[in-house]
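Contents: one structure, followed by commentary.
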Amino acid sequence: MAEAERAAAPGVRDARAVRAVREAVVRARWGVRAYGFIAAMWVRSTMAYRTSFVLMVVGNLVTTLLDFLAIVIMFTHIDELGGFTLPEVAFLYATSSAAFGLADLLLGSFDRIGSRVRDGTVDTLLVRPVPVLAQVAADRFALRRVGRLLQAVLLLGWSVTALDLDWTPGRLLLVPVMVVSGAAIFGAVYVLGGAFQFWAQDAAEVQNSFTYGGTTMLQYPPTVFARELLRGVTFVVPLAFVNWLPALHVLGHDDPLRLPGWVDFASPAVAALCCVVAGLVWRAGLRGYQSTGS
Amino acid sequence: MGESGAESRTDGDATGGGTGVGAGRETGRETYGPTGGGAEVCVEAVGLEKVFQVRRRTGVLRRERREVRAVDGIDFTVARGEMVGFIGPNGAGKSTTIKMLTGILTPSGGRLRVAGIDPARERTRLTRRIGVVFGQRTTLWWDLPLRDSYALVRRIYRIPGERYRANLDRCVELLDLGELLDVPVRQLSLGQRMRADIAAALLHDPEVLYLDEPTIGLDVISKAQVRDFLRDLNAERGTTVLLTTHDLTDIEQLCERVIVIDHGRLMYDGALAGLHEVGESERTLVVDLERELPPIEGVPGARTVRTEGPRQWLAFPASASAAPIVARIAADHPLVDLSLREPDIEDVIARMYAQQRRPAAG
């Protein structure tokens, strides 16, 4: 009897693991769906003021384009920046902006979690049958943030045509992979920043320095930065995987850190790892949530 | 459900009387406890505890860790269809208790079941069975019109279309929300918002409705409207209602049973009437005499507590009848008018706290 039980145990454990995974998948799918309809409701409500929305998007687009104009002006005085030509810098700028723009569009609302913890409105999220992560992300979904993404796509289109490169299928494929992985890495930083706000309610600024600060840094060639900084963003906060490392491969530049060649393709794996870590920290933060007085 | 009910009975008996004030505890057990009507247990708390770790800065880098026992071993059961009021001073542990009952906070100790579910472990599953209204903050979407908020609630809880429409129509009618449906939540007045929030919490037909300070800051008419609605809901649908409040009129008009919590402990659990006995509360008879007279004396069971011109105030135990006292005064004094004041429950509770502390201090 005892032996039979022991023999059955691994099977039972497997079944339990399978069920846990299945439940997690069901939960994630439900979370994404809920995110979808909450975000859709926000979009519909902003569309009530259509003119204002269009102006906001155009405004966003123009401001971000002016940002790139500064780089163009810089190139009227120089031919190369850290060994990179204007189309090459444009490529870095566009991929970084696209990754960040995508993450910002989908998860930009995470900044607000700190104030929600402070005033105790996280409570209202906890009593609804939708994962809190999805609710926080979809809260006040602002489609106007699409402006940055638009600019990035326009710039990417220009740089791809302007670059004097042999666009092999491998290189071409690396571009969307880079953008999606990069968005996932930035997204993980958003979630991680949000999770830390359960403990320190004003951690938003630290997170902003990684997201906004990170994307600005990644818009420039890695060669203009100090080696220590490059190591930091490769091994500590893996922002280098957003666009630098894969872009170096696409553009055929040498890696200033002389890392093995395969790291240029490691972005999806790094992004997945970041998401897992962010998910676990988020869960721990939510568990430790102590609510407010009343 | 039946099994857990039986289990609770033994648990309840074993711990019964451990925390509450003796007399009140008895009333609670006899009238409303699970041993009473044999009704289905809906909420069950045994030795419920919540300890907060509070970190305080004592120096530049030094931090002191301190434990705050917000809820310190509470036992109670609520049968299906009951309406129970939680009262107690600020920081007594009422809201913390409600938050544990809704799964927002994880208890530090003890056992908790709501509709057969452990709230902390299966919070998401529980959310479909309960409705929550926070008096201080809305669960609706601030910038969305009410109609859109409700549409979202429908999708979030996956409420079938027909049931959703029936529930919404009912709430709109009874809570008078018709003209508010196209107004963004942020533009609603406090009373309107509260009614809107209550409707939102009921669209998915919850078995248990929690209300944290549902009438706080409302005007008299809004309060009456909310109370009428809750009473009907409880009577017609049999929804179990748990509410915390500062407004004792809420309790008087809604709840047959009241649970008093202070310093994280259960002080009283039973009928509102019993609270008066426990608190040794007094009623006041205000008499207007023809002219200014010396304080009335010699009325058995009553004593004059105040005089002001021809008006005098007499206090007597809340459990005693006013009739013989009035008769006695009318016989000896030139009586013009009189009125009777019911005891203020806040005083009753305050007195009860004082009683509790007295033996502890001595």
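The values are calculated or read from the model by the stated rules, or taken from the named source; none is laboratory data. Keep in mind that this is a model prediction, so the values were computed, not measured. Cβ: placed from backbone, ideal geometry, glycine included. Neighbour counts: every protein chain shown. Side chains are part of the model used for accessible areas, which takes the heavy atoms of the whole protein and leaves out ligands, DNA and RNA. Shrake-Rupley method; radii C 1.70, N 1.55, O 1.52, S 1.80 Å.
I'd like to check something: does the range A:133-152 contain any residue that is within 24 Å of A:A271 (Cα to Cα), part of a helix (DSSP H, G or I) and free of Cβ contacts under 8 Å to residues at least 40 places away in the same chain?
no
Out of the range B:116-128, which residues are in contact with a helix residue (DSSP H, G or I) (Cβ under 7 Å, 6 or more places away or on another chain) and either facing chain A (nearest Cβ under 9 Å) or hydrophobic (A, V, I, L, M, F, W, C) (or both)?
Of all residues in the range B:116-128, those in contact with a helix residue (DSSP H, G or I) (Cβ under 7 Å, 6 or more places away or on another chain) come to B:116-117, B:119, B:123, B:128.
Within the range B:116-128, B:I117, B:R123, B:R128 meet the criteria.
For the range B:134-162, which residues satisfy the criterion of being more than 8 Å from chain A (Cβ to nearest Cβ), over 22 Å from the mean Cα position of the chain (by Cα) and either under 18 Å from B:Q187 (Cα atoms) or open to solvent by 40 Å² or more (accessible area, probe 1.4 Å) (or both)? Give the derivation first.
So the first thing to find is which residues in the range B:134-162 are more than 8 Å from chain A (Cβ to nearest Cβ), and the list is B:135, B:140, B:142, B:146-147, B:149-150, B:153-154, B:158-162.
Imposing the further condition that a residue be over 22 Å from the mean Cα position of the chain (by Cα) reduces the set to B:140, B:142, B:146-147, B:149-150, B:153-154, B:158-162.
B:L140, B:W142, B:L146, B:R147, B:S149, B:Y150, B:R154, B:R158, B:P160, B:E162 - these are the residues of the range B:134-162 that are more than 8 Å from chain A (Cβ to nearest Cβ), over 22 Å from the mean Cα position of the chain (by Cα) and either under 18 Å from B:Q187 (Cα atoms) or open to solvent by 40 Å² or more (accessible area, probe 1.4 Å) (or both).
All but one of (1) open to solvent by 10 Å² or more (accessible area, probe 1.4 Å); (2) in contact (Cβ under 8 Å) with a residue 60 or more places away in the chain hold for B:T124; state the number of the condition that does not hold.
Going through the list (1) open to solvent by 10 Å² or more (accessible area, probe 1.4 Å); (2) in contact (Cβ under 8 Å) with a residue 60 or more places away in the chain, B:T124 breaks only (2).
Quickly run through the range B:185-206 and pick out the residues that are more than 14 Å from chain A (Cβ to nearest Cβ) and either surrounded by fewer than 22 Cβ atoms within 10 Å (Cβ to Cβ) or small (G, A, S) (or both).
B:L188, B:S189, B:L190, B:G191, B:Q192, B:A199
May I ask you to verify whether A:V189 is buried (at least 20 other Cβ atoms within 10 Å of the Cβ), modelled with pLDDT under 95 and touching a Ser or Thr at 6+ places or on another chain (Cβ under 7 Å)?
Numbers: buried (at least 20 other Cβ atoms within 10 Å of the Cβ): yes; modelled with pLDDT under 95: yes; touching a Ser or Thr at 6+ places or on another chain (Cβ under 7 Å): yes.
Criteria met by A:V189.
Name every residue in the range B:56-111 that is in contact with a helix residue (DSSP H, G or I) (Cβ under 8 Å, 6 or more places away or on another chain) and without any contact (Cβ under 8 Å) to a residue 24 or more places away in the chain, in order of residue number.
Passing the criteria: B:K99, B:I104, B:T106.
Of the residues in the range A:251-294, how many are within 14 Å of chain B (Cβ to nearest Cβ), assigned to a helix (DSSP H, G or I) and open to solvent by less than 60 Å² (accessible area, probe 1.4 Å)? Steps first, please.
Within the range A:251-294, the subset within 14 Å of chain B (Cβ to nearest Cβ) is A:283-294.
Filter once more, keeping what is assigned to a helix (DSSP H, G or I): A:283-287.
Filter once more, keeping what is open to solvent by less than 60 Å² (accessible area, probe 1.4 Å): A:284-286.
The number of residues fulfilling the criteria is 3.
Mind checking which strands (runs of 3 or more DSSP E) fall wholly inside the range B:296-343 and carry at least 1 residues that are free of Cβ contacts under 8 Å to residues at least 24 places away in the same chain and surrounded by 15 or more Cβ atoms within 10 Å (Cβ to Cβ)? I'd like the intermediate steps shown before the answer.
On the way: elements: B:303-308, B:311-317, B:335-341.
Hits in the range B:296-343: B:303-308.
Can B:G131 be described as within 19 Å of the chain's Cα centre (by Cα) and away from chain A (no Cβ under 11 Å)? Quick ask: steps written out before the conclusion?
Working: within 19 Å of the chain's Cα centre (by Cα): yes; away from chain A (no Cβ under 11 Å): no.
Answer is no for this residue.
Matching residues to (1) in contact with a strand residue (DSSP E or B) (Cβ under 6 Å, 6 or more places away or on another chain); (2) assigned to a strand (DSSP E or B); (3) exposed (fewer than 10 other Cβ atoms within 10 Å of the Cβ); (4) charged (D, E, K, R):
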{"position": "B:V51", "(1), (2), (3), (4)": "yes, yes, no, no"}
{"position": "B:V54", "(1), (2), (3), (4)": "yes, yes, no, no"}
{"position": "B:R65", "(1), (2), (3), (4)": "yes, yes, yes, yes"}
{"position": "B:V68", "(1), (2), (3), (4)": "yes, yes, no, no"}
{"position": "B:D75", "(1), (2), (3), (4)": "yes, yes, no, yes"}
{"position": "B:V84", "(1), (2), (3), (4)": "yes, yes, no, no"}
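Quick check on the range A:26-45: of everything there that is touching a Leu at 6+ places or on another chain (Cβ under 7 Å) and closer than 15 Å to A:L107 by Cβ, which residue is nearest to the other protein chains (Cβ to nearest Cβ)?
A:I38
Given A:F110, A:F68, which one is assigned to a helix (DSSP H, G or I), closer than 30 Å to B:P145 by Cβ and either of a type in the set (D, E) or in contact (Cβ under 8 Å) with a residue 60 or more places away in the chain (or both)? Give the steps one after another, and end with the answer.
Working: A:F68 fails: closer than 30 Å to B:P145 by Cβ.
Answer to the check: A:F110.
Pairs needed: first member in the range A:31-55, at pLDDT 90 or above; second member anywhere, of a type in the set (V, I, T); C-beta distance under 7 Å; at least 6 residues apart or different chains.
From residues that are at pLDDT 90 or above, the pairs are A:G31/A:V130; A:A34/A:V130; A:A34/B:I156.
Of the conditions (1) buried (at least 19 other Cβ atoms within 10 Å of the Cβ); (2) within 29 Å of A:F196 (Cβ to Cβ); (3) of a type in the set (G, A, S), A:A90 clears all except one; give me its number.
(2) is the only condition that A:A90 fails.
Can you confirm whether B:T245 is among the polar types (S, T, N, Q), in contact with a Phe, Trp or Tyr (Cβ under 9 Å, 6 or more places away or on another chain) and at pLDDT below 90? Step through it out loud before you land on a result.
Values: among the polar types (S, T, N, Q): yes; in contact with a Phe, Trp or Tyr (Cβ under 9 Å, 6 or more places away or on another chain): yes; at pLDDT below 90: yes.
Yes: the conditions hold for B:T245.
What's the number of the condition A:V117 fails, among (1) in contact (Cβ under 8 Å) with a residue 12 or more places away in the chain; (2) surrounded by fewer than 23 Cβ atoms within 10 Å (Cβ to Cβ); (3) within 11 Å of another protein chain (Cβ to nearest Cβ)?
The single condition A:V117 does not satisfy is (3).
Return a yes/no flag: does the range B:172-184 have any residue that is facing chain A (nearest Cβ under 10 Å) and open to solvent by 30 Å² or more (accessible area, probe 1.4 Å).
Applying the first criterion (facing chain A (nearest Cβ under 10 Å)) to the range B:172-184 yields B:184.
Filter once more, keeping what is open to solvent by 30 Å² or more (accessible area, probe 1.4 Å): none.
No; the residues of the range B:172-184 include none that is facing chain A (nearest Cβ under 10 Å) and open to solvent by 30 Å² or more (accessible area, probe 1.4 Å).
What's the number of the condition A:V130 fails, among (1) surrounded by 21 or more Cβ atoms within 10 Å (Cβ to Cβ); (2) in contact (Cβ under 8 Å) with a residue 60 or more places away in the chain; (3) assigned to a helix (DSSP H, G or I); (4) of a type in the set (A, V, I, L, M)?
It is condition (3) that A:V130 fails.
What strands (runs of 3 or more DSSP E) completely inside the range B:248-291 contain at least 2 residues that are among the acidic types (D, E)? Step through it out loud before you land on a result.
Details: elements: B:257-262, B:265-271, B:282-289.
Answer list for the range B:248-291: B:282-289.
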